[in-house]
4 protein chains.
Amino acid sequence: MRSFEVKNRTSTDDIKCLRLITAIKTPYLPDGRFDIEAYDGLVNAQIENGVEGIIVGGTTGEGQLMTWDEHIMLIGHTVNCFGGKIKVVGNTGSNSTREAIRGSEQGFAVGMHAALHINPYYGKTSMDGLVSHFDGVLSMGPTIIYNVPSRSGQDIPPRVIQSLAHNSNLAGVKECVGNDRIKQYTDDGIVVWSGNDDQCHDARWGYGATGVISVTSNLVPGLMRELMFGRENSTLNSKVMPLVDWLFQEPNPIGLNTALAQLGVVRPVFRLPYVPLPVEKRIEFVNLVKGIGREHFVGEKDVQVLDDDDFILVGRY
Amino acid sequence: MRSFEVKNRTSTDDIKCLRLITAIKTPYLPDGRFDIEAYDGLVNAQIENGVEGIIVGGTTGEGQLMTWDEHIMLIGHTVNCFGGKIKVVGNTGSNSTREAIRGSEQGFAVGMHAALHINPYYGKTSMDGLVSHFDGVLSMGPTIIYNVPSRSGQDIPPRVIQSLAHNSNLAGVKECVGNDRIKQYTDDGIVVWSGNDDQCHDARWGYGATGVISVTSNLVPGLMRELMFGRENSTLNSKVMPLVDWLFQEPNPIGLNTALAQLGVVRPVFRLPYVPLPVEKRIEFVNLVKGIGREHFVGEKDVQVLDDDDFILVGRY
Amino acid sequence: MRSFEVKNRTSTDDIKCLRLITAIKTPYLPDGRFDIEAYDGLVNAQIENGVEGIIVGGTTGEGQLMTWDEHIMLIGHTVNCFGGKIKVVGNTGSNSTREAIRGSEQGFAVGMHAALHINPYYGKTSMDGLVSHFDGVLSMGPTIIYNVPSRSGQDIPPRVIQSLAHNSNLAGVKECVGNDRIKQYTDDGIVVWSGNDDQCHDARWGYGATGVISVTSNLVPGLMRELMFGRENSTLNSKVMPLVDWLFQEPNPIGLNTALAQLGVVRPVFRLPYVPLPVEKRIEFVNLVKGIGREHFVGEKDVQVLDDDDFILVGRY
Amino acid sequence: MRSFEVKNRTSTDDIKCLRLITAIKTPYLPDGRFDIEAYDGLVNAQIENGVEGIIVGGTTGEGQLMTWDEHIMLIGHTVNCFGGKIKVVGNTGSNSTREAIRGSEQGFAVGMHAALHINPYYGKTSMDGLVSHFDGVLSMGPTIIYNVPSRSGQDIPPRVIQSLAHNSNLAGVKECVGNDRIKQYTDDGIVVWSGNDDQCHDARWGYGATGVISVTSNLVPGLMRELMFGRENSTLNSKVMPLVDWLFQEPNPIGLNTALAQLGVVRPVFRLPYVPLPVEKRIEFVNLVKGIGREHFVGEKDVQVLDDDDFILVGRY
């Protein structure tokens, strides 16, 4: 089901060289549908601050809470409006091979530049099954494989990645296991992005990582750009670290969702099972913003502490 | 759920002036999935021959046999690959208001330039219900309303169209009731496209129609272009008429599907409930092509009579 | 995908002998979801008044506004709670052969006793296509074919029915074309139900129809029972006729939905594109109820004229 | 959206007392659809051997590879055909609260006796989010909460269970963390089923577990019945343990799928990402069956070693 039209041709090399990719937040309207206007604002802020690629519908973007038609629509919309300015990586992975195949086929059809593929979380499978799963999707286009055992319940061991490395569509690995694993890959010439914002500075400058697929860059894209593009910069990294620690005290994207709402760039709407951080953490965030400098954060409004009543939690949508 | 990004802004006036829009065929692989490569070929042939717009997933394109994710994907793909060269009109209508709203929202999100909306066929509704239905979707973007009582079981009377005509998103009407109805609208300044290939020449030159939304132009786009753009031309119209008669002897797109397969531009795969025309009609088609001239038809291969065994009919896909 | 478990075995003969089948209304909660509690009440009223079967998700039950999972769920629920007391006929037909196959497979899996199959409305097809369509579903279990050209846009001619009549799963035809057509079938030994409440008395007593698949019986099941089971009874028929006329002044189920809301047995919630009848018609209904006798109608509450503001119209649900 | 019909009323106490529940395998046809006839055979074997309940579409039954309409259909089918003989527990949990709500609503509507709910795997959430998630579904009917951090990536700590324990719909916990955790709950009067076949004998006889939700009982239901109902029986437990070890050497249900195919009770069809165990393990299984005794296993055919070519792996279905 492939198209050979020119606009669909993105080379794997175009993906391999990206240093800063943001796992973009999906904002919602009060009834739980996508807030596309707010989304456009978020993406524009990324582009303006030098971010080179975005993951659409990642765990950060709550792809796991989307129907597939919502998901493909969001990818198609992003390609249509922003595909000339930023690389669009669709998180079309799934723990169901059928869904991963269909989602990726549709994502590439609507023009995404690359796919992000997780191993089959929750259901899990054998190493042979893992290879079959990835083989089923790698033929479609540039692909980043995502390893995050703390979510998936199962590590993708290096021997699986190495057995897939010959495939010219494999752009690289988003790796969350740590910098030693990253070094193991980069020594072998495999492109890696750190999946941990707290380790990405060192990953980039000390372990050979090409860059980061970041959550924090939703908030401070310019600072993350400097961390990845400038030079080794422990001072800047230390400045950002308290924000990173704050963001990940609860499973992502709880912190991010809370933060963006308080920055006034998204409505304070949560799709369950996500709920906002409690008020004492929300106060902490405002202080963090003031410490780092409001001007480094996305949005124009004053940062504020939202009340519990300001938040809308939606279970049916 | 609207986007205000520049690429999404298509004016209703950009739609109103289109003279030749093709209700494009959707080709299939042997397992019933879309054959995107063949589809791209069909669209390119349209562009090269001066067609200005296409309806994606119309009744001709068998939108009624698609899942919504397939449908939105095809719209998104078309926008992404061809949206700069041809106007993309998504048939996001439905007899369910919910589906019409959701489909149109998604279609505009992935960049379609206009929506085609049918009245609620089969289920039908009252005139008040009809107005509520169209009101639910007209706010989203440029819209063509489609009236085809022989399919829908219910005429959209002029008073309904007139009550919607103040809406700046209403581009016009695809009208199949006949040229007198068309004149009634064009006298009132409402843009109309003929939905009947056998009447479109007269509609254009004698009844004020802006142009046609055509099935026949899938086969002979250049001739249809000349019919709509050149000048009143009964000779050419008479030359094309036997092909039109052949195409519509059974419910569309049965004839079109058979023809395109025999021209070698799509695989001979039918999604049920459509089945090919019988062999004697298939022989007739080859003779028609020879009479009109193979060079006027899409594709490069020799036209051939396919055997019954060449066709693949799929019920599960 | 068949099951041979005993509980799934319903013989076609068990369907052929049903005289009174109600195309049951689907009631909604204010957010547009099914109101299962109200639905159970409607079904119980049917059972108590001697109705022998129900069509779940017919055009009356607004199957065309359901997602397939809603539809199959409603069939499964009905079988589970009422399948021992009343025959459950799922309207698993579609204009897409794929959907008709899948829906019927699932409907029989959850225990429906028979399927109702429409010809491919709106998309239409050739006679050969029609036979292929029905052949694709007839193997699954007892089946009623539904002919209503005023909705489908295409008559199912007797020769198609006759070519399918040898199939032991064909229970019969729900025929809306008129009593002459009915006689044509019953003379041939084909079971027919009238699909027109205004003709069903004559169909039953004068043209050989087995019975009726009725809308009116949602309201006055006992009277319809008497019409079908008692004896030829023009007096009773004349008494019911004004109600029938009132019900069908706008496309069904607009009248029925309005009536049941005013009888207090369902909430006044409409899924678009359906909207209530205007107030003057709503007043007429109250008078009709008083004329015929409230005791013949379902429900216990006083009939009342609802205000415009009492109705909730939902487009997203 | 609740029904108060008698057949839907299952008390939580009816669930709490079940000692042996099987997480039933879902068998497939060569095209990947459900093999309902084989499924019926599996369920009947469970009933005949004294199993009291089944989990439909659990991780063992590959609910994660089903569409929701398939899943609800399978629950509805099971209720319809077997609901009088065995308790039907639908795994209507999800990491999306929306899906968990909708799936459970539909599952109860088609008559399931209880729901199994996992915490939001992969996406994860905070403890507050966890409570909100479970609160969203507990109102619907009897519920078992499922804790398996090795799959979900996140432990459900006892304080969350305790905060839900007052809800009369909470039947208990399927716990995989180990027998100390089980004891902690049973000391508090909370019903627990062991989710680990290798620990279930001790859990039942030494730690207060009510019973087991078992994978192994798909193969040897009679032996598992004896382990749970008879008396403390280390001899029998030791006899079964090599089979259990064999089953779980790769992520479940890989071993189970391989075993049932070799026993001739299901077709050797795997939905990816699952693939069969390699031939040397398949030989081991045949020896295990001979050691334990073919008569204790489900099915009537001789156990055999299947060839690699016998297996069908499906990625699109």
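The values are calculated or read from the model by the stated rules, or taken from the named source; none is laboratory data. Because the structure is a prediction, the values reported are computed rather than measured. Cβ placement follows ideal geometry from the backbone for every residue including glycine, while neighbour counts extend to all protein chains displayed. Note: accessible area is taken over every heavy atom of the protein model, side chains too, but ligands, DNA and RNA are not part of it. Shrake-Rupley method; radii C 1.70, N 1.55, O 1.52, S 1.80 Å.
Quick rundown of the values:
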| item | result |
| --- | --- |
| Considering residues of region B:62-86 that are free of Cβ contacts under 8 Å to residues at least 60 places away in the same chain and part of a loop (DSSP other than H, G, I, E, B) only, the residue nearest to A:SER3 (Cα to Cα) | B:GLY83 |
| Residue satisfying all of: in region D:135-162; of a type in the set (Ser, Thr, Tyr) and within 20 Å of D:ILE15 (Cβ to Cβ); farthest from the other protein chains (Cβ to nearest Cβ) among these | D:THR143 |
| Tally, over region C:112-126, of residues that are of a type in the set (Gly, Ala, Ser) and facing another protein chain (nearest Cβ under 8 Å) | 2 |
| Residue satisfying condition, being touching a residue at least 60 places away in the same chain (Cβ under 8 Å), β-branched (Val, Ile, Thr) and surrounded by 19 or more Cβ atoms within 10 Å (Cβ to Cβ), within set D:VAL89, D:VAL137, D:VAL110 | D:VAL89 |
| Check on A:LYS124, open to solvent by 20 Å² or more (accessible area, probe 1.4 Å), touching a strand residue (DSSP E or B) at 6+ places or on another chain (Cβ under 8 Å) and charged (D, E, K, R) | no |
| Residue match in region D:280-297 (condition: within 14 Å of chain A (Cβ to nearest Cβ), over 20 Å from the mean Cα position of the chain (by Cα), at pLDDT 95 or above and open to solvent by 10 Å² or more (accessible area, probe 1.4 Å)) | yes |
| Any hit, region D:224-232, residues being away from chain A (no Cβ under 14 Å), modelled with pLDDT under 95 and more than 15 Å from the chain's Cα centre (by Cα) | yes |
| Residue count, region A:76-95 (criterion: at the interface with another protein chain (Cβ under 8 Å from one of its Cβ atoms) and either small (Gly, Ala, Ser) or within 15 Å of A:HIS117 (Cα to Cα) (or both)) | 3 |
| Wholly enclosed helices (runs of 4 or more DSSP H) of region D:135-198 bearing at least 2 residues over 20 Å from the mean Cα position of the chain (by Cα) | D:158-164, D:179-187 |
| Odd one out for D:GLU250 among (1) within 25 Å of A:GLY136 (Cα to Cα); (2) touching an Asp or Glu at 6+ places or on another chain (Cβ under 7 Å); (3) of a type outside the set (A, V, I, L, M) | (2) |
| Residue within region C:213-220 that is modelled with pLDDT of 95 or more, open to solvent by less than 30 Å² (accessible area, probe 1.4 Å) and among the small types (Gly, Ala, Ser) present | yes |
| Residue within region D:18-32 that is away from chain C (no Cβ under 14 Å), surrounded by fewer than 21 Cβ atoms within 10 Å (Cβ to Cβ), modelled with pLDDT of 95 or more and part of a loop (DSSP other than H, G, I, E, B) present | yes |
| Count - residues of region C:298-317 that are at negative phi and either surrounded by fewer than 14 Cβ atoms within 10 Å (Cβ to Cβ) or more than 14 Å from every other protein chain (Cβ to nearest Cβ) (or both) | 12 |
| Positions within region A:255-267 being surrounded by fewer than 22 Cβ atoms within 10 Å (Cβ to Cβ) and not aliphatic (A, V, I, L, M), in sequence order | A:GLY264, A:ARG267 |
| Filtered residues of region D:199-243 (kept if charged (D, E, K, R) and assigned to a helix (DSSP H, G or I)) | D:ASP202, D:ARG204, D:ARG225, D:GLU226, D:LYS239 |
| Candidates B:ARG231, B:ARG271, filtered to the one that is surrounded by fewer than 19 Cβ atoms within 10 Å (Cβ to Cβ) and of a type in the set (Lys, Arg) | B:ARG231 |
| Per-region count, region C:236-254, residues within 14 Å of chain B (Cβ to nearest Cβ), free of Cβ contacts under 8 Å to residues at least 40 places away in the same chain and open to solvent by 30 Å² or more (accessible area, probe 1.4 Å) | 2 |
| Residue ID - nearest to the other protein chains (Cβ to nearest Cβ), chosen from residues in region A:34-55 that are part of a loop (DSSP other than H, G, I, E, B), touching a residue at least 40 places away in the same chain (Cβ under 8 Å) and not small (Gly, Ala, Ser) | A:ASP35 |
| Only one of B:GLY58, B:GLY103, B:GLY129 that is crowded, with 22+ Cβ neighbours inside 10 Å, in a helix (DSSP H, G or I) and away from chain A (no Cβ under 14 Å) | B:GLY129 |
| Residue in region A:3-14 that is within 30 Å of C:ASP31 (Cβ to Cβ), in contact with a helix residue (DSSP H, G or I) (Cβ under 7 Å, 6 or more places away or on another chain), in contact (Cβ under 8 Å) with a residue 24 or more places away in the chain and not basic (Lys, Arg) present | no |
| Within region D:61-75, tally of residues that are crowded, with 24+ Cβ neighbours inside 10 Å and within 10 Å of chain C (Cβ to nearest Cβ) | 5 |
